[in-house]
Every structure is written in structure tokens, then in C-alpha cells.
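Step one of this worksheet: look at the structure below.
The values are calculated or read from the model by the stated rules, or taken from the named source; none is laboratory data. Here the structure is a predicted model, which means the values were calculated and not measured. When we count neighbours, we look across all protein chains shown, and the Cβ atoms used for this are built from the backbone with ideal geometry, even at glycine.
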């Protein structure tokens, strides 16, 4: 009994007919599934970032000093992507409160926020290293 071979519709390699599903080999079906899964993950990640940007926009709009920056989509995106490891929403509220309590005005609020977030990140890194050193000690 001779086995019938047919070409895969995607890669055009020959396979035994019984191994093809709708004319497509297993390897090509697997690649398609992986590509679909990757696309879904990317879309999910993009949706998550968009949600964070919208939430950050609301935070900016509730502040006394940074309202105008809430409309700067590019700036908000950079904050979300750069400072994802800290609670940047809370830090922005703290920075706004500091300006209010100390009755300060700044020329460049973008720079002020970036400096505030950079200092927060540095402080967090310092305490992480300190904790790591304490763990290694014991």
C-alpha cells in the first residue's frame, strides 16, 4: 500500500497526506498558533499600558500644579514606560503636595517631575541594595 504525499499549503514541503490538516502541516499550524498567541499578548500589554496612561492622566488632572501636563500624551507614555517599577501616581501626588505646602512655583514642571521620580527611583534602589547586603550578612 503506497502512502500518498501532498505539499503543505504554507511551507510547500511534502508530507504524508494523513498528517496534513486542511492542507497545512503540524509545524506550520504550530507557528500560526504561536504567532496568534504573541499577537494577543502584545495587544494585552498595549491595553495595559493605555490603561496606565489614562489613570496617570486623571492623576495629573487632579493636581494643583501639573494639570496642563495631563494632556501631554507623549510625556505620560514616557513616565509609564520608564518608571513602571515605582508607584509614579502616588509620587506625582506627593510632589504636588510638596509644592503646595512649601508655596513653591517651578519654571519647568516636566523637569521637576522627572527629577522627583529619578530621586525616588534612586532611593528605592539604595534600599534594595541595603536589604540585600543585610541578607548576605546573616
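Structure summary
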{"item": "Failed criterion for residue 45 (all others in (1) closer than 27 Å to residue 124 by Cα; (2) at pLDDT 90 or above hold)", "result": "(2)"}
{"item": "Residue within segment 15-27 that is in a strand (DSSP E or B), touching a strand residue (DSSP E or B) at 6+ places or on another chain (Cβ under 7 Å) and surrounded by 13 or more Cβ atoms within 10 Å (Cβ to Cβ) present", "result": "yes"}
{"item": "Verdict on residue 61 being surrounded by 11 or more Cβ atoms within 10 Å (Cβ to Cβ) and either part of a strand (DSSP E or B) or over 15 Å from the mean Cα position of the chain (by Cα) (or both)", "result": "yes"}
{"item": "Leading residue by the ranking (nearest to the chain's Cα centre (by Cα)) among those in segment 84-138 that are touching a residue at least 12 places away in the same chain (Cβ under 8 Å), surrounded by 12 or more Cβ atoms within 10 Å (Cβ to Cβ) and not in a helix (DSSP H, G or I)", "result": "86"}
